[in-house]
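Taking it in order: structure first as structure tokens, then the write-up.
The values are calculated or read from the model by the stated rules, or taken from the named source; none is laboratory data. Note that the coordinates shown come from a computational prediction; the quantities given were computed from them, not determined experimentally. Cβ atoms come from the backbone with ideal geometry, glycine included; neighbour counts cover every protein chain shown.
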Amino acid sequence: MVTDIARPTRLHWWPWVIVCASILAQITWILVPAGQRQAVTTLVVVLFAAASISHALLEFGVRWTAAFAGISAGFGLGIELLGHTTDIPFGAYHYTDELQPHLLGVPVIVPLAWLMMAYPSLVLARSLTTRWVVPLAAVGLTTWDLFLDPQMVGEGYWVWETKTPALPGIPGIPLQNYAGWLAGTLLLMWLLNRLPRRDVDLGVPLLLYGWMWIGGIVANAVFLDRPAVAVIGGLGMAVLGVPSVLAWLRR
């Protein structure tokens with residue numbers, strides 16, 4: 001059910017400014033030598049999360065945004081804490097000391113990463129369907145991990161202890177990880193989809209999701225020498241990305 005919440009008319013340009021800053025930070029990440037990207041990684045996540053939150057505040061208001069942030073970041077912390085202490089649902093892995101600070105053994109930016117991509121995934125899925133929001137948004141968020149995990153493992157931020165079976169061309173990350181992501185994101189999106197819904201301006205969430213999608217393809221194909229990641233991640237994120245772009249163009 002769409003709620004009747006008046007959009008604020010001031011500061012509507014702020015999310016766009018933060019999105020542009022996030023994109024510049026991600027471009028910088030590619031240019032910084034491997035092994036020296038911790039600060040830029042943190043900056044990217046903080047800016048991206050801020051862009052999602054600022055757009056949510058303008059479109060949905062404070063109460064909705066606080067509920068969304070609490071659910072998504074709290075869920076992210078909870079499932080990562082469960083994961084690295086019990087090996088469920090992602091498989092056996094552990095965090096290194098590269099990303100600081102930690103909260104209960106989990107880098108603080110990790111729950112923020114769940115929040116930052118949960119928002120555009122949810123909003124775009126809601127713009128396309130009412131019946132299939134949860135699975136579509138879950139696939140949109142899970143397939144982003146096809147880009148995320150190879151990059152973060154490559155930087156040494158976390159290490160998989162059980163590495164097989166793995167996707168072709170993406171060694172070192174077990175299939176169980178992606179199955180765990182899908183199970184987790186289905187639950188997360190079920191929770192988030194219980195929040196009130198409404199029609200919103202899709203420009204910011206589409207740019208956020210589209211940049212991670214197309215940027216992930218380019219970064220892995222051109223700069224990181226991971227063609228398999230570029231192909232598999234690109235095809236995966238296209239499930240939500242392509243219909244979202246087409247729907248936006250029709251509008």
Of all residues in the stretch 77-97 being in a strand (DSSP E or B) and among the aromatic types (Phe, Trp, Tyr), the one that is surrounded by the most Cβ atoms within 10 Å (Cβ to Cβ): Tyr93
In the stretch 55-76, what residues are of a type outside the set (A, V, I, L, M, F, W, C) and either surrounded by 20 or more Cβ atoms within 10 Å (Cβ to Cβ) or free of Cβ contacts under 8 Å to residues at least 24 places away in the same chain (or both)? His55, Glu59, Arg63, Thr65, Gly70, Ser72, Gly76
Determine whether the stretch 168-179 contains at least one residue that is within 30 Å of Gln36 (Cα to Cα), in contact with a helix residue (DSSP H, G or I) (Cβ under 6 Å, 6 or more places away or on another chain) and buried (at least 21 other Cβ atoms within 10 Å of the Cβ). yes
If you check every pair at least six apart or on different chains, which have Cβ atoms under 9 Å apart with a residue in the stretch 130-141 that is without any contact (Cβ under 8 Å) to a residue 12 or more places away in the chain first and a residue that is among the small types (Gly, Ala, Ser) second? Trp132/Ala125
The stretch 145-170, subset under 23 Å from Gln26 (Cβ atoms) and of a type in the set (D, E, K, R), residue modelled with the lowest pLDDT: Glu155
Listed by range, helices (runs of 4 or more DSSP H) wholly within the stretch 98-208 having at least 1 residues that are over 27 Å from Trp14 (Cβ atoms) are 133-154, 175-192
Per the list (1) closer than 20 Å to Val44 by Cβ; (2) buried (at least 16 other Cβ atoms within 10 Å of the Cβ), residue check on Phe223 breaks on (2)
Would you check which residues across the stretch 104-129 are hydrophobic (A, V, I, L, M, F, W, C), farther than 19 Å from Val44 by Cα and without any contact (Cβ under 8 Å) to a residue 60 or more places away in the chain and list them? Leu104
Which members of the stretch 24-52 meet the condition of being touching a residue at least 24 places away in the same chain (Cβ under 8 Å), touching a helix residue (DSSP H, G or I) at 6+ places or on another chain (Cβ under 6 Å) and part of a helix (DSSP H, G or I)? Gln26, Ile30, Thr42, Val45, Leu47, Phe48, Ala49, Ala50, Ala51, Ser52
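Considering every residue within the stretch 103-115, establish whether at least one is closer than 24 Å to Thr130 by Cα and crowded, with 16+ Cβ neighbours inside 10 Å.
Yes, the stretch 103-115 has at least one match.
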Qualifying position, being over 24 Å from Ala183 (Cα atoms) and in contact with a Gly (Cβ under 7 Å, 6 or more places away or on another chain), among Gln26, Gln38: Gln26
